[in-house]
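The values are calculated or read from the model by the stated rules, or taken from the named source; none is laboratory data. If you're wondering where the values come from, they're calculated on a predicted model, not measured in any experiment. Note that each Cβ is placed from the backbone with ideal geometry, even for glycine, and that neighbours are counted across all protein chains shown. The protein model used for the area step is the full one, side chains on, heavy atoms only, and it has no ligands, DNA or RNA in it. Shrake-Rupley method; radii C 1.70, N 1.55, O 1.52, S 1.80 Å.
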Amino acid sequence: MNAVLDLIGVALVVIATLLIGVYGLRVSRTTGDFFVASRTVRPVWNASAISGEYLSAGTFLGLAGLVLLDGARGFWFPIGYAAGYLLVLVFVAAPLRRSGAYTIPDFIEARLGSRSARRVTSLAVLVIGWLYIVPQLHGAGITLVVVAGLPEWVGAVTIAVLVAAAVAAGGMRAITYVQAFQYWLKLVALLVPLILIAFALSGGPHDVDPALVFPVEAGPSGFDAYATASLLIALLLGTMGLPHVLVRFYTSPTGVSARRTTVIVVAMVSTFYAVSSGMGLVARIAAPDLAVPGLADTVVLQLPSRVFPGLAGEVLTALIVAGAFAAFLATSAGLVVSLAGVISQDVFSGSVRSFRLSSVLCAAVPLAVALLTAPAGLVSSVGAVFVVAASTLSPVVLLGVWWRGLTARGAVAGMIVGGASCGLALLVHAAVDGVGVVAPYLAQPAAWTIPLATAVTVVVSVLDPRGPAPRADRFLARVHTPERP
């Protein structure tokens, strides 16, 4: 590796981000520009931005590391991530856009007519968003440690400061331009090295028996049925509960545009997952010694120099480092802009000035957590966030769109039970060794926490003497009525 080239790659990404952000600032003038880009983002551009923010550190670095460690089991993550958007497309994309809301708490309050439900939703959004930002900051720290030997905190602070500045300066409109650019940068940053490495390995001295690349225990016969099913449920439904994903549909001009955006997103993220997983496959041939928990997350950064000693490997590594920082910036920016909208409206005045202050606060909290905690596996950290999102927000959003009988009390009870049950399960699993037969149910709790949260929501709503909000019928008619062409 060449630390100078790697840092030049990081600097170029930072400069490009700032320049694009400045352009976005020139066209960000109104409150609508800051919160939802004035609902004028077209499908291809919006899909690029959504893909840019969705493909996080867990995908760029962690997915290849997971395939290196676990073989075929690692492919469940990209399958679940991509398929989750199909559920978003079918069930919530267009209705959310037609709701006219700015944020998820806006949607819940408009649907249920309850400030209490809005407050609980806002709290859930903040917890999920902050938990998702922390792995991005850890990933930035890991990257600079590996490629430049810098202290881990440097990467985390750099990302947090840049994101806070970009979001505060230009809001959603500016971040949309930044994230769209960063998706294509990330794709090129992995695709070019993958193609070159694959050609270099084909027919060369690295040829090995396929059984060594995918041993029997890493194939389908080694899957744990419960853990696999629970993981897929969390990934499929968790996408519907991610605040930075859902808020993107409010930027589309119409519900039809939101659906078209989602279709394009599925194609874009699937392409990227294929490339990222491919890096994990070639790593099992060229760098099997890196198949160690924690170290595996660095394999994408170390692979080029293993295959191409000298300047060629150093240039490819610098390209990957630039793409990695684009991943950290894009996802963190999407999360901060969605969280800032919530805090600005729920805590402050909802003005542009309060949005800017909220942006700084929303970047500072996860930065503090990242500085006080040690990095875990990037994919597993992001996976835990999907479990929390799927157990808290997803049932309420889905029922809010499709079930007239949902009440504010039912929504609040479901979110509290879902969040508490999955949070407790994950904490107990992390803190206690040797929990016996219940260990799989604590490690992957989605298969029982999501049904539990949904059942509590439905039962409490049915037993609620107040019944559905008076505005329910009118609201549902609006979100399900297609726009006129």
What are the extents of the Cα atoms of the chain along their three principal axes, in Å, largest first?
71, 57, 45
Rg(Cα) / (2.2 N^0.38 Å) computed for region 424-464, rounded to two decimals:
1.48
Using the charge dipole of the chain (Lys, Arg: +1 at Cβ; Asp, Glu: -1 at Cβ; taken about the Cα centre), state which of Thr331, Met279, Thr407 has its Cα farthest towards the positive end.
Thr407
Looking at the square roots a ≥ b ≥ c of the eigenvalues of the Cα gyration tensor of region 271-346, which shape do they give, rounded for a/c under 1.5, prolate if a/b is larger than b/c, or oblate?
prolate
Using alpha carbons only, how many angstrom separate the centre of region 242-303 from the centre of region 63-83?
10 Å
What is the Rg over Rh value, at two decimals, for region 383-437, using alpha-carbon atoms and the Kirkwood definition of Rh?
1.12
Based on Cβ point charges of +1 for Lys and Arg and -1 for Asp and Glu, what charge dipole magnitude is obtained for the chain about its Cα centre, in debye rounded to the nearest 20?
2280 debye
Can you list the DSSP H helices in the chain whose Cα atoms extend at least 15 Å along the helix axis and whose mean Kyte-Doolittle hydropathy is 1.6 or higher?
3-26, 76-91, 152-201, 225-238, 311-346, 352-372, 378-402, 446-463
Helix-only [θ] at 222 nm, the chain, -39500 (n - 2.57) per DSSP H run of 4+, per residue, nearest 500, equals -25500 deg cm²/dmol
Taking every pair of distinct Cα atoms and averaging 1/r, then inverting, what Kirkwood hydrodynamic radius in Å comes out for region 361-462?
14.9 Å
What does the charge dipole of region 246-329 about its Cα centre add up to, to the nearest 20 debye, if the Cβ of each Lys and Arg holds +1 and the Cβ of each Asp and Glu holds -1?
420 debye
With point charges of +1 on the Cβ of Lys and Arg and -1 on the Cβ of Asp and Glu, referenced to the Cα centre of region 382-485, which listed residue (Pro445, Val428, Ala390) lies farthest in the positive direction of the dipole?
Ala390
Length-normalised contact order of the chain in % [C-alpha pairs under 8 Å, at least 6 apart]:
31 percent
Using every alpha carbon pair in region 268-397, what percent of pairs falls into each 5 Å bin from 0 up to the bin containing the largest distance?
2, 8, 11, 17, 18, 15, 11, 8, 5, 3, 1, 0
Here FRET efficiency (C-beta to C-beta, Ser351 to Ala267, R₀ 56 Å, nearest 0.05) is 0.90
Ranked packing of 458-465, 79-86, 150-157, 234-241, most packed first, by mean Cβ within 10 Å
234-241, 79-86, 150-157, 458-465
Restricting to Cα pairs below 8 Å that are 6+ residues apart, what does the relative contact order work out to for region 351-462? Please round to a whole percent.
33 percent
Suppose we take every Cα in region 52-142 and form the convex hull; what volume per residue is that in Å³?
120 Å³
Of the peptides 306-316, 104-114, 355-365, how do they stack up when ordered by the mean number of other Cβ atoms within 10 Å, highest first?
104-114, 355-365, 306-316
Work out the FRET efficiency for Trp403 and Thr481 from their Cβ-Cβ distance, taking R0 = 25 Å, and round it to the nearest 0.05.
0.90
Counting only protein heavy atoms and leaving out ligands, DNA and RNA, the solvent-accessible surface of Ser270 at a 1.4 Å probe, in Å² to the nearest 10, equals 50 Å²
